[in-house]
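The values are calculated or read from the model by the stated rules, or taken from the named source; none is laboratory data. As the structure is a prediction and not an experimental result, all values here were calculated from the model. Positions of Cβ are generated from backbone atoms using ideal geometry, with glycine treated the same way; all protein chains shown enter the neighbour counts. Side chains are part of the model used for accessible areas, which takes the heavy atoms of the whole protein and leaves out ligands, DNA and RNA. Shrake-Rupley method; radii C 1.70, N 1.55, O 1.52, S 1.80 Å.
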Amino acid sequence: MLIDPMYPKSFASDNHAGVHPDILEAMASANQGDAPAYGDDTWTAAFAEKVKEVFGPEAEGFAVLNGAGANMVGLALTLTRRYDAVVCADSAHIATNEGGAAERLLGVKLLTVPTSHGKLRPADIESRLRGLGDPHESQPAVVSISQVTELGTCYSPDEIAALAETAHASGLRLHVDGARLANAAAHLGCDLRAVTTDVGVDVFSFGGTKNGALAAEAVVVLDPSLAEAVPFLRRQSLQLASKMRFISTQLTALLSDDLWRRNARHANQMAARLAAGLSDIPGTSLAYPVESNAVFAQLPHPVAEALRRRYLFHYWDEPAGLVRWMTAFDTTPEHVDDFLDDLRKAAEAT
């Protein structure tokens, strides 16, 4: 077994984790003989039915290859005019970490809003609606939020419902980047429907890759009037996989027997364990509430650099000494405790 001896466990991203054994088993089961391509197979049909079971009878699920692609397809559904714009937090993934894909591929203006802890409020949406009807300004057409946010915080169902009400009152749609939707629901102690279907979301992505899958994401459409366009936009966005069965079966496995919840809950618990362990380490502090599988911490630079010689993780704001640590479904208590021990030694040595 090949393991990088320099890095016993990565805390840089949940994308660094492997694939959950149950998902590998599901993929192996789908690897029997030939099957029609591009989603015309029984595994993809089963995934579509699972989406309706989990999110409601009007929900339509479409498997795609990656999270940025899911966002582009989802946003494209809600942007129908050349002068449309997206209201989002200034920390949103679509604004900071997708290489300008929204601007380049969709030709859309992002109306970003400074936020506290990465979360939009109804007043933030209203602040970007003052140009409605003004031909000198791009016209807001959709509000996009991240669940979990880029700062590791979670929107409650009531908070999402309030955003949906504000958006819909002005004719806007609500889109959710759900790359870590499972982690949010696990933290909130609710099912996936409670933070999507039941609170007025129009379209969202369901992230599988960060929760134990292999290159498997989904666009889920809750407004029936939008679903007809997805097959065309998915193909045009290069997100239609030829061997779709291997993506669909992974997503079905995640949505079955609460595998999504078990994986996400464990990752969240490991982040909470890591955050709690900082309490007796001098010079360290939490920057944001720990509500998912992300821990943002302030560290002295010498401590961070000493730790980075043994572990993979990223600076969030290097001049400020702000780092981000991510846990995953396969992070163990021993991984966390060893990391904390090394952090403590680095802090004591500086």
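Where q = 0.18 Å⁻¹, what log10 of I(q)/I(0) comes from the Debye formula for segment 246-350, counting one point per Cα? Listed by q, the Debye log ratios stand at -0.83. In the structure shown, the pairs Lys52/Lys210; Lys9/Lys50; Lys9/Lys345; Lys50/Lys243; Lys119/Lys210; Lys119/Lys345 are assessed against 29 Å; a Cα-Cα span above that value is assigned to Lys9/Lys50; Lys119/Lys345. The calculated 222 nm mean residue ellipticity attributable to helices in the chain amounts to -11500 deg cm²/dmol, summing -39500 (n - 2.57) over DSSP H runs of n ≥ 4 and dividing by all residues. Here is the list for segment 33-121: trypsin sites (Lys or Arg not before Pro) lying in DSSP coil, each with at most 12 other C-beta atoms within 10 angstrom of its C-beta, are Arg81, Arg82. Rolling a 1.4 angstrom probe over the protein heavy atoms with all chains in place gives the chain an accessible area of 44 Å² per residue. Across segment 22-30, coupling constants 3J(HN,Hα) worked out from phi with the 6.51/-1.76/1.60 Karplus curve, θ = phi - 60°, read 5, 6, 4, 5, 5, 5, 5, 5, 6 Hz, and Gly and Pro carry x. Each DSSP beta bridge with both residues in the chain is either parallel or antiparallel, and the antiparallel ones are about 55%. Inter-label distance, Ser170 to Tyr38: 4.0 nm, where each label sits 7 Å from its Cα along the C-beta direction. In the distance distribution for the chain, Cα-Cα pairs more than 37 Å apart total 20 percent. Residues whose amide H comes within less than 5 Å of that of Ser146, counting only those at least five positions distant or on another chain, are Asp177 (H built at 1.01 Å from N in the peptide plane). What do you get for Rg/Rh over segment 177-235 if you use C-alpha atoms and the Kirkwood form of Rh? Looking at segment 177-235, the ratio lands at 1.00.
Model label points for Ala28 and Ser156, set 7 angstrom from Cα along the Cα-to-Cβ axis, are 4.4 nm apart. Over segment 169-298, one equal point on each Cα, no solvent: what is log10 I(q)/I(0) by the Debye formula at q = 0.13, 0.16 Å⁻¹? For segment 169-298, the Cα-only Debye profile gives -0.66, -0.90.
Close amide H pairs (under 5 Å, H built 1.01 Å from N) link Val203 with Leu174, Val176, Leu222, residues at least 5 positions away or on another chain. Considering only Pro319, Pro302, Pro36, the Gaussian network model of the chain with Cα springs below 10 Å gives its largest mean-square fluctuation to Pro319. Spatially, segment 323-348 and segment 267-285 are offset by 8 Å when compared through their Cα centroids. Using alpha carbons only, the radius of gyration of segment 55-203 set against its Kirkwood radius gives Rg/Rh = 0.93. If the elastic network links every pair of Cα atoms under 10 Å, which of Met27, Met270, Met326 fluctuates the most in the Gaussian network model of the chain? Looking only at Met27, Met270, Met326, the biggest GNM fluctuation is shown by Met27. Can you give the Kirkwood hydrodynamic radius for segment 294-338, in Å, rounded to one decimal and based on Cα pairs? Hydrodynamic radius (Kirkwood, Cα pairs) of segment 294-338 is 11.2 Å. Length gained on full extension, Glu103 to His314: 73.4 nm, using 0.36 nm per residue less the C-alpha separation.
For segment 146-192, the alpha-carbon coordinates run over 31, 19, 16 Å along the three principal axes, in decreasing order.
A Gaussian network model of the chain, with springs between Cα atoms under 10 Å, assigns the largest mean-square fluctuation among Ala162, Ala182, Ala216 to Ala162.
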